[in-house]
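Working notes, beginning with the structure itself.
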Amino acid sequence: MKTRIMILALALLVSLVAFNACSSKKPTLYIFNWSDYIDPSLISEFEEAYNCRIKYSTFDSNENMLTKVKSSTQSFDIIFPSGDHVSILKELDLLEELDLTKLENYDNLDPQLLQKARSFDPENKYSIPYAWGLTGLMYNRQFVPDEIVASGGWNILGDSFFEGKNKITMLDDAREVIGAALIYSGYSVNDTSSSALEAAHNVLKVWDRNITQFDSDSYKNELQDGTTWLAQAYNGDAMQQMAENPDLKFILPKEGAAMWMDNMVILKNSQQKELAYKFLDFLLDADNAKRNSEYTMYPTPNRAAMEMMGADFIENKIINPDEAYLEKCDMIEYLGDAVRSIDQIYEAIKMN
Ligand code: N2P
């Protein structure tokens with residue numbers, strides 16, 4: 001009996017040691033991305049192919065991402081900031097200067113979009129474009145009658161139909177919220193002149209009567225169940241929701257929309273830089289980028305992938321609006337200290 005117990009104990013010990021050795025041997029990559037912004041099967045495939053682990057966490061706004069990256073004791077290897085936040089992270093000296101020779105698939109990227117990215121990363125040195133998109137309005141037609149959205153403009157947010165109903169949300173993002181009011185008032189999303197901001201602030205005071213909360217994630221479920229009827233929303237997120245519910249609709253407002261580009265960056269203090277490069281290169285692979293884009297419903301800056309996309313995707317005007325519309329859409333740019341006046345208006349509106 002005694003020998004049996006001893007053999008069992010020994011076997012347990014051996015397997016524990018083996019398990020520990022195995023799990024501690026696997027390098028771990030810490031990734032921080034927007035929610036609903038990657039095909040999860042790509043993560044598991046990468047783990048398998050590179051015999052590693054990925055600890056994947058998500059954020060729902062650049063502001064939250066930045067707070068966490070600056071304050072977190074647990075550091076990340078790869079994060080996915082929007083363009084203006086690439087500049088902010090660079091200013092804070094948090095970004096690794098990329099060695100592009102480690103990225104075999106870099107040439108898959110669309111040179112035109114790389115050019116666009118130079119507005120926030122002048123030599124394309126610190127960031128790799130990941131996806132781009134536009135921000136518009138999503139609504140549930142079960143609750144919002146056609147005549148309310150017939151104008152097709154941003155001012156639907158201020159329609160008296162919604163008064164006292166608590167059914168509208170806007171994104172929890174100062175640049176997006178003030179940006180929508182700037183666009184509606186005929187200014188660029190990047191205009192911080194006092195006349196532009198005063199006009200935007202006045203518009204927001206009116207819209208705010210209808211706005212229940214500023215939120216960048218739960219609006220998706222809430223639009224499904226009727227808690228929210230109308231929400232400022234990202235086009236790809238809207239496409240994902242609309243695929244599940246035919247009552248959900250999306251409008252790119254006639255005045256224009258804010259455009260943004262999100263990017264992959266490696267943090268300077270990453271402990272797994274080689275593996276981080278491998279992950280970036282894995283996502284830059286044309287087939288993987290295509291799969292990812294079909295899953296997230298955002299257009300990819302990967303030209304090789306875009307060339308393989310089916311007509312459904314390419315011809316979809318929500319995902320891929322025509323040039324005439326894109327001309328009305330400025331990309332959210334880095335504004336340096338001038339962003340403070342935008343933040344102040346946003347805080348004032350939120351406090352109301
Ligand atoms: C994905 C959010 C899109 C990112 N859920 C907006 N920059």
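Some points to look at:
- Dipole in debye (nearest 20) - segment 111-237, about Cα centre, beta carbon charges: Lys, Arg +1; Asp, Glu -1: 200
- The chain - accessible surface per residue (Å², probe 1.4 Å): 47
- Equivalent-ellipsoid semi-axes of segment 193-352, from the Cα gyration tensor, Å, largest first: 31, 23, 17
- Student exercise, segment 273-331 dipole from Lys, Arg, Asp, Glu Cβ charges, in Debye to nearest 20: 220
- Cα-based helix-to-principal-axis angle, 62-71 vs the chain, degrees rounded to 10: 40
- Among Lys249, Lys25, Lys55: highest mean-square fluctuation, GNM of the chain, C-alpha pairs under 10 Å: Lys25
- For the chain, convex hull volume per residue from C-alpha positions, Å³: 178
- Comparing Val265, Val203, Val86 in a Gaussian network model of the chain where C-alpha atoms under 10 Å apart are linked, the largest mean-square fluctuation is found at Val203.
- For Asn155 and Lys125, the FRET efficiency from 1/(1 + (r/R0)^6), where r spans their Cβ atoms and R0 equals 45 Å, is about 0.65.
- Relative to the longest principal axis of the Cα atoms of the chain, the long axis of helix 286-296 lies at roughly 60 degrees.
- Furthest towards positive pole of dipole, Tyr130, Ile332, Leu66, structure part the chain, Cβ charges: Leu66
- Net charge of neighbours whose Cβ lies under 14 Å from the Cβ of Asp146, counting Lys and Arg as +1 and Asp and Glu as -1: -1
- Counting only DSSP H runs of at least 4 residues, each contributing -39500 (n - 2.57), and dividing by the residue count of the chain, the helix-based mean residue ellipticity at 222 nm comes to -12500 deg cm²/dmol.
- Assigned charges on the beta-carbon of Lys, Arg, Asp, Glu; segment 210-269 dipole about Cα centre (debye): 240
- Farthest toward positive dipole pole in segment 182-298 [+1 Lys/Arg, -1 Asp/Glu at C-beta], among Leu283, Gly186, Leu223: Gly186
- The share of accessible area on the chain that comes from carbon and sulfur is 50 percent, using a 1.4 angstrom probe.
- Between 0 and 90 degrees, the angle of helix 273-284 with respect to the longest Cα principal axis of the chain falls at about 50 degrees.
- Most mobile of Gln240, Gln142, Gln272 in a GNM of the chain (Cα contacts under 10 Å): Gln142
- Ordering His85, His201 by accessible surface, largest first, gives His201, His85; the 1.4 Å probe counts only protein heavy atoms, with every chain in place.
- Dipole-positive endmost among Gln115, Asn33, Ser160 within the chain (Cβ charges, Cα centre): Asn33
- Couplings for segment 88-96, taken from phi via the Karplus curve 6.51 cos²θ - 1.76 cosθ + 1.60 with θ = phi - 60°, read 5, 5, 5, 4, 7, 6, 9, 9, 6 Hz in order; Gly and Pro are left as x.
- Taken over segment 70-174, the alpha-carbon convex hull comes to 194 cubic angstrom per residue.
- Mean projected area of the Cα convex hull of segment 177-287, taken over all directions, amounts to 10.7 nm².
The values are calculated or read from the model by the stated rules, or taken from the named source; none is laboratory data. Keep in mind that what you see is a predicted model, and the values were worked out from it rather than measured. FYI the Cβ positions are ideal-geometry reconstructions off the backbone, even for glycines, and counts take in every protein chain you see. Accessible surface is based on the protein model in full, side chains and every heavy atom, while ligands, DNA and RNA are left aside. Shrake-Rupley method; radii C 1.70, N 1.55, O 1.52, S 1.80 Å.
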